[in-house]
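As structure tokens, the structure follows; a few thoughts come after it.
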Amino acid sequence: MMMNSSERAPDPTVLSWFLIGVGVLTLAVGVFFVASPDETLKVFTVLGGILLLVDGLLAIIGALVGVSESRGLLAMVGVLSLIAGLVLILSWPKPSLSTLAVIFGIVLIIRGALFAYAGWAVRKLSRDAGSGSVTPAIT
């Protein structure tokens with residue numbers, strides 16, 4: 001692809017400084033992880049709890065303002081995410097990797113099942129749309 005005279009190539013110094021900055025930041029985080037693995041687990045536990053809290057709140061809001069027929073299911077997932085997030089954050093002084101793994105595992109199992117169900121429902125809708133009879137698959 002040829003460049004026009006009005007187009008300018010990106011300034012390599014901007015890219016180089018960006019890469020240097022990312023490299024230094026990554027190096028610092030890596031040193032922190034290696035030097036203090038216990039603190040790293042605490043940070044990941046709190047971040048995981050915050051992630052689940054935000055996810056739960058957004059799911060509940062989506063269930064309240066959405067027009068989908070599966071709002072109850074979305075609200076249930078939101079409440080479960082909120083509870084899981086609160087458990088992680090409230091266990092913060094003594095977080096354990098096993099607690100984090102079990103809670104995230106439960107959340108992933110529920111989400112995976114819901115995504116698979118939604119995928120099959122969309123597939124059924126697209127097949128029904130092709131045959132001319134469209135019925136709601138998610139109730």
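Given the criteria surrounded by 15 or more Cβ atoms within 10 Å (Cβ to Cβ) and at pLDDT 75 or above, does Val67 qualify? Taking the combined requirement at face value, the residue does not satisfy it. Remark: pairs (first residue in the range 38-67, in contact (Cβ under 8 Å) with a residue 60 or more places away in the chain and among the β-branched types (Val, Ile, Thr); second residue in a helix (DSSP H, G or I) and surrounded by 14 or more Cβ atoms within 10 Å (Cβ to Cβ); Cβ separation under 7 Å; 6+ apart in sequence or on different chains) are absent. Only one residue in Leu100, Leu52 is under 20 Å from the mean Cα position of the chain (by Cα), surrounded by 13 or more Cβ atoms within 10 Å (Cβ to Cβ), of a type in the set (A, V, I, L, M) and at pLDDT below 75. Which one? Among Leu100, Leu52, only Leu100 is under 20 Å from the mean Cα position of the chain (by Cα), surrounded by 13 or more Cβ atoms within 10 Å (Cβ to Cβ), of a type in the set (A, V, I, L, M) and at pLDDT below 75.
The values are calculated or read from the model by the stated rules, or taken from the named source; none is laboratory data. Keep in mind it's a predicted model, so treat the numbers as computed, not measured. Quick reminder, even Gly has a Cβ in these numbers, built from the backbone with ideal geometry, and neighbours come from all protein chains shown.
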